[in-house]
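What follows draws every value from the coordinates through simple rules; no lab data is involved. For clarity, every value in this text was computed on a predicted model and none was experimentally measured. Here the Cβ is made from the backbone with ideal geometry for all residues, glycine too, and neighbour counts use every protein chain on show.
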Amino acid sequence: MRQPAHGGNIAWAAALAGCPPDAILDFSASISPLGPPNSAIAAIKSQIGNLKHYPDPNYSDLRLALSHFHQLPPEWILPGNGSAELLTLIGRELAQLAATILITPAFGDYYRTLTAYNAKVLECPLSLVSQCGLLPRGDAKGDGGSPHEQLRTRRVNGHTLREGEAPTSLVIGHLSLAKDKGLLLNNPHNPTGKLFSRDSILPYLEQFALVVVDEAFMDFVPPNQEQSLIPVVQECANLVVLRSLTKFYSLPGLRLGYAIAHPDCLAKWQLWRDPWPVNTLAAAAAIAALQDTEFQQQTWAWLPPARNQLFQGLAEIPGLQPQASAANFLLVESQESISQLQQQLLKYHQILIRDCLSFKELGDRFFRVAVREESDNQRLLTALKES
């Protein structure tokens, strides 16, 4: 069986580990361990009888629920069969421009959709400060930033580690000819977990023909810290924001995401795609989940201490250096081969981590792990110490 490019391939992992799929502890897919919410499960059960009918082709109830959630008119929202389907539509749109700038390392599906439409890609590496100017806010000006942005640092195994994660400024140089180009990035950034500040992205709306911000992990950032561009989407006809409802609410099997953009743009995409992309059960689960404020608060309370536990534990293992993250995953640099480590964890501990071979800038010295509940995190840390 071919090694997967994405995380979450339990069948592949179980075959390699020689165990049933349900025996695998999956750290490779960045899905919340707290869900699905009971409200979403109840909504799914309530709609079983409606499976004999086609879904509403306009998804009026779902769009209305999303419009209430984001305080936007429904016509600015387009539900899709996961954000992956919407990304494919966006790739077709971006391919009509002279080129698309990607902040790299980039999610592999960005390359998939852009390649499918023969779009020209210009890569802007996250690590090249001199060329892309990606500097933590405060560091660039030497002012230390706001209290929220001041992070504690400490030394572990010879590395300076930053605990927690604050918004980071996004500065891309050499944009004098960007008017005919697109910009595609995710925020928080995958796979690093960096959170770009809203204010640092806004200027690019005036410099690029189209700006697409994939906010698949923004739900994990508490409302008082999030940097979503959804509040400004009605002011910017060239802005598209992508959201996923599967990671935060633990519903990847239902495939549900949505795009927020100008109604004219969404109407055009509607003509490009197949009818009924969202099934009845997914739509019902989404409506219930969006209204489940208790589950949302529970998630925001759970993530910071669980992420810190995993971060601290990884930092204490010789040869590993985790990076601070605002999302529900951590990127970890290793002094050893990750391919070998991944196989050892599967064969001897039935634990699956996400290698970063699909991120060509990272290669075989980085891996990514989801943040799970305390007992699961501890099991991973123990296994890593023994590997």
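Placing unit charges on the Cβ atoms of the charged side chains and taking the dipole of the chain about its Cα centre, the candidate lying farthest along the positive direction among Ser250, Ala286, Trp12 is Trp12. Relative to the Cα centre, the charge distribution of region 177-326, modelled as +1 at Lys and Arg Cβ and -1 at Asp and Glu Cβ, gives a dipole magnitude of about 300 debye. For the residue pairs Lys120/Lys268; Lys45/Lys385; Lys45/Lys360; Lys247/Lys360; Lys179/Lys247; Lys52/Lys268, the alpha carbons lie more than 31 Å apart in Lys45/Lys385; Lys45/Lys360; Lys179/Lys247.
Only helical runs count toward this figure. For the chain, summing -39,500 (n - 2.57) over DSSP H runs of n ≥ 4 and dividing by all residues gives -10000 deg cm²/dmol at 222 nm. About the centre of its Cα atoms, region 13-79 shows a dipole size close to 140 debye [charges on the beta carbon of Lys, Arg (+1) and Asp, Glu (-1) only; nearest 20 debye].
Legend: Rg and Dmax of region 237-387, from Cα coordinates, 19.2, 56 Å. Globularity index of the chain is 0.98 (Cα radius of gyration / 2.2 N^0.38 Å, N = number of residues). If you run the Gaussian network model on the chain, springs between alpha carbon atoms under 10 Å, then out of Leu51, Leu122, Leu183 the most flexible one is Leu51. Taking label positions 7 Å along the Cα-Cβ direction at both Glu123 and Gln207, the computed distance is 2.1 nm, reported to one decimal. Listed by chain and number, the aspartates and glutamates placed with their C-alpha closer than 20 angstrom to that of Lys347 are Asp22, Asp26, Glu336, Asp355, Asp364, Asp376, Glu386; residues fewer than eight positions away on the same chain are left out. The charge dipole of the chain, taken about its Cα centre with unit charges on the Cβ of Lys, Arg, Asp and Glu (plus for the first two, minus for the last two), comes to roughly 540 debye.
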